[in-house]
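Trainee: Here's a structure for you.
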Amino acid sequence: DRPQGQQPNPSPAVADSAFLRACRREPVPHTPVWFMRQAGRSLPEYRKVREGIAMLDSCMRPDLVAEITLQPVRRHHVDAAIYFSDIVVPLKAIGIDLDIKPGVGPVVEQPFRTRADLDRLRDLTPDDVWYVTEAMGLLTGELGATPLIGFAGAPFTLASYLVEGGPSRNHENTKAMMYGDPQLWADLLDRLADITGTFLQVQIDAGASAVQLFDSWVGALAPADYRASVLPASAKVFERVADRGVPRIHFGVGTGELLGLLGAAGADVVGVDWRVPLDEAARRVGPGKALQGNLDPAVLFSTPEAVAAKADEVLAAAQGLEGHVFNLGHGVPPNTDPDALTRLVEHVHTRSAR
Ligand code: CP3
């Protein structure tokens, strides 16, 4: 139900990009590459424009969002842009009292622990995130044939921040709710699925030509618990954007045992961290899906020769895949030398040229 007269999303040039072709498992001129967290502290130009502006404030300024999103595209010539924001932005937008503490991450003033806390999660409306629509409008004009990836946090990872009150190693309070009050847990995830589903719809309707659902911390779960207590909510998110027809990417860290289920939740592309080689990941995911990944981000601190050799290993393991988008196995570390990333993009493009 796109408003009439709007440009088709994606435009023909974007639809024909190596990135979207790989997501659709079509032949590509070269393996497309982008990096999770490609915008951010690794770039001096990012640190400069962010000076004196809090993270969440910067996410609500369309001009700044557009500039920061474009920075890694200009510098590294990656095959896709990822919209600059954070997974907690839609929660902030509905009035949850949270902040992003530098060097720590999202912190929630009053953690979610009881049924009464559900009342704090009202539905998201497009007006709540007007700045996303505006920034994406600016970006699709500037990006030309480069696709723009929208994203959101998955219900489990968002719930973990809400229930723990901040970053957590073992997700103990989260699991306490999941096992101790399964109905409250299910209701919490279902509400987060609605918010996330709407947030992704807004992004696609504003010009995102692919979306990635970040379930960064879901690797903390055993497969049976994932299937019973998390998959239904993530499946609902993917279902909410199925009619938009854009590729849906699903990613988490430490998810070797969950790869099949991450695909089954409704993804077109499954993101893989560095612990499972891509050929083995393809066996676990099964046919009909593209894969994204999976160079260990820590490799970027090694010599250029070592980075190239490890990238070649990733490309070799991806040889028989139906579709492959080159990425890191997790985000760019803040202290990465940006030149290492620029060289890596060039290396992957050259090595994979058909
Ligand atoms: O280039 C991009 O990838 C787009 C930007 C992006 C940010 N956050 C910007 C950001 C994306 C995709 C995210 C997603 C996100 N946020 C995830 C999923 C990805 C992942 O890494 O698994 C998660 C778990 C979060 C929560 C979060 N927000 C964390 C853990 C942190 C880091 C805290 C720190 O300071 O080390 C943030 C803050 C954040 N989000 C920063 C950026 C650039 C750093 C804050 C700053 O620059 O001031």
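Quick note: the coordinates plus some simple rules give every number you see, no bench work behind them. Remember, predicted model here, so these are calculated numbers, not experimental data. Don't worry about glycine lacking a Cβ; one is built from the backbone with ideal geometry, like all the others, and counts go over all protein chains shown.
Trainee: What ranking do Trp185, Trp274, Trp217, Trp130 get, fewest neighbouring Cβ atoms within 10 angstrom at the top?
Mentor: Fewest-to-most Cβ neighbours within 10 Å comes out as Trp130, Trp274, Trp185, Trp217.
Trainee: With bins 5 Å wide starting at 0, give me the P(r) of segment 24-130 over every alpha carbon pair, in whole percents.
Mentor: With 5 Å bins starting at 0, P(r) equals 2, 10, 18, 19, 16, 13, 10, 8, 4, 1, 0.
Trainee: Would you count, across the chain, every pair of lysines whose alpha carbons are under 27 angstrom apart, provided the pair is eight or more residues apart or spans two chains?
Mentor: 9
Trainee: Along the charge dipole of the chain, which of Leu98, Val253, Thr174 sits closest to the positive end, that is, farthest toward it, with unit charges on the beta carbon of Lys, Arg, Asp and Glu (+1, +1, -1, -1)?
Mentor: Toward the positive end, the furthest listed residue is Val253.
Trainee: Still on this structure, please answer the following. Each residue of segment 85-101 in turn: what ³J(HN,Hα) in whole Hz from Karplus with 6.51, -1.76, 1.60 and θ = phi - 60°, glycine and Pro shown as x?
Mentor: Ordered by residue, 3J(HN,Hα) equals 6, 8, 5, 8, 4, x, 6, 4, 5, 9, x, 5, 7, 9, 9, 10, 8 Hz.
Trainee: Quick one: which residues, 5 or more positions from Gly254 or on another chain, have an amide H under 5 Å from its amide H? H modelled 1.01 Å from N in the peptide plane, none for Pro or chain starts.
Mentor: Amide H neighbours of Gly254, under 5 Å, 5+ apart: Asp273.
Trainee: Sort segment 89-143 into rounded, prolate or oblate with this rule: let a ≥ b ≥ c be the square roots of the eigenvalues of the Cα gyration tensor; rounded if a/c is under 1.5, and if a/c is not under 1.5, prolate when a/b is larger than b/c, oblate otherwise.
Mentor: Judged from the Cα gyration tensor, segment 89-143 comes out oblate (a/c at least 1.5, b/c at or above a/b).
Trainee: Ok, one more. Could you check what % of the DSSP bridge pairs in segment 12-352 are antiparallel, to the nearest 5?
Mentor: 15 percent
Trainee: Going by how many other Cβ atoms sit within 10 Å of their own, how do Ile100, Ile249 line up, fewest first?
Mentor: Ordered from fewest to most neighbouring Cβ atoms within 10 Å, Ile100, Ile249 come out as Ile100, Ile249.
Trainee: Next question, about the same structure. Please order His77, His171 by the number of other Cβ within 10 Å, starting at the fewest.
Mentor: Placing the least packed residue first, the sequence is His77, His171.
Trainee: Another question, if that's okay. Given a cut-off of under 8 Å on Cα pairs at least six residues apart, what relative contact order in percent is computed for segment 12-352?
Mentor: Relative contact order for segment 12-352 comes out at 20 percent.
Trainee: Would you be so kind as to identify which of Ser42, Leu192, Leu321 lies farthest towards the positive end of the dipole of the chain, taking Lys and Arg as +1 and Asp and Glu as -1 on Cβ and the Cα centre as origin?
Mentor: Projecting each Cα onto the dipole axis, the largest value belongs to Leu321.
Trainee: Something else: Just want the answer: with Cβ charges of +1 for Lys and Arg and -1 for Asp and Glu, which residue in Ala66, Ala22, Val89 is farthest toward the dipole's positive end in segment 1-107?
Mentor: Of Ala66, Ala22, Val89, it is Ala22.
Trainee: Ordered by residue, what ³J(HN,Hα) values in Hz, to whole numbers, does segment 277-284 give under the Karplus form 6.51 cos²θ - 1.76 cosθ + 1.60, where θ = phi - 60° and Gly and Pro are x?
Mentor: In residue order, the calculated couplings are x, 5, 5, 5, 4, 5, 5, 6 Hz.
Trainee: Using a/c under 1.5 as the rounded threshold, could you call the chain rounded, prolate or oblate? The axes a ≥ b ≥ c are square roots of the C-alpha gyration tensor eigenvalues, and prolate needs a/b larger than b/c, oblate otherwise.
Mentor: Rounded, since a/c falls under 1.5.
Trainee: Given the options Tyr179, Tyr83, Tyr226, which has the most mean-square fluctuation in a GNM of the chain, springs set between C-alpha atoms less than 10 angstrom apart?
Mentor: Residue with maximal mean-square fluctuation among Tyr179, Tyr83, Tyr226: Tyr179.
Trainee: What residue among Val104, Val241, Val332 shows peak mean-square fluctuation when the chain is described by a Gaussian network model with Cα springs under 10 Å?
Mentor: For the chain, modelled as a Gaussian network with Cα springs under 10 Å, the answer is Val104.
Trainee: A further question follows. About the Cα centre, and with charges only on the beta carbon of Lys, Arg (+1) and Asp, Glu (-1), how big is the dipole of the chain? Nearest 20 debye, please.
Mentor: Using Cβ point charges on Lys, Arg, Asp and Glu, the chain gives about 460 debye.
Trainee: Along Cα→Cβ, 7 Å out, is where each label goes; now give me the distance between the ones at Glu239 and Arg120 in nm to one decimal.
Mentor: 2.8 nm
Trainee: Between Phe84 and residues 5 or more places away or on another chain, which pairs have amide H atoms under 5 Å apart, with H built 1.01 Å from N, and which residues are they?
Mentor: Amide H neighbours of Phe84: Thr69.
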